[in-house]
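Bear in mind that the values in this text are calculations on the coordinates, not laboratory data. Everything numeric here is computed off the predicted structure, so don't read it as measured data. Cβ: placed from backbone, ideal geometry, glycine included. Neighbour counts: every protein chain shown.
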Amino acid sequence: MKKGQGTLNGFLDQGCTIKGDVVFSDLLRVHGQVTGRVSSEHELLVGEGGVVEGEVLVGRLVVAGTVRGTVRVKERVVIHGTGRVFAEIFAPTLVVDEGGVLEGPVHMTRPTKAEGPAT
């Protein structure tokens, strides 16, 4: 299944919960709840009603639901109008749509070439 530039690796629907480490290779859509560490070189999409609590280390993060914790992103964070992020963010690019909520410190620096992948 194609979605944007990536292939959908997983979909966590409303009413489903994962506690622990989640690792994926291309695109993960979360409409349920994840508590723990989420890591990938690619895109995490937190849909409306979705909640991610913990450490997020991904290539790109798109939020229409809620994220709490620490976010480290290689490319960009996009917070849509329904999105709520309560986290310390490390990302080179940040986009917050009108209505989106962001609470927490933001560090906008490019990763050095010596830094490894987001894991």
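Observations
- Label-point separation in nm, T109 to F86, each point 7 Å along Cα→Cβ: 2.7 nm
- Residues H107, H80, arranged from fewest to most other Cβ atoms within 10 angstrom of their Cβ, appear as H107, H80.
- Table column - 3J(HN,Hα) (Hz), the range 27-34, Karplus curve with 6.51, -1.76, 1.60, x for Gly and Pro: 9, 10, 9, 10, 10, x, 10, 10
- Electrostatic dipole magnitude of the chain [Cβ: Lys, Arg +1; Asp, Glu -1; Cα centre; debye, to 20]: 220 debye
- Paramagnetic label zone (point 7 Å from Cα along Cα-to-C-beta, D26; backbone N under 17 Å) in the range 39-83: 40-45, 59-60
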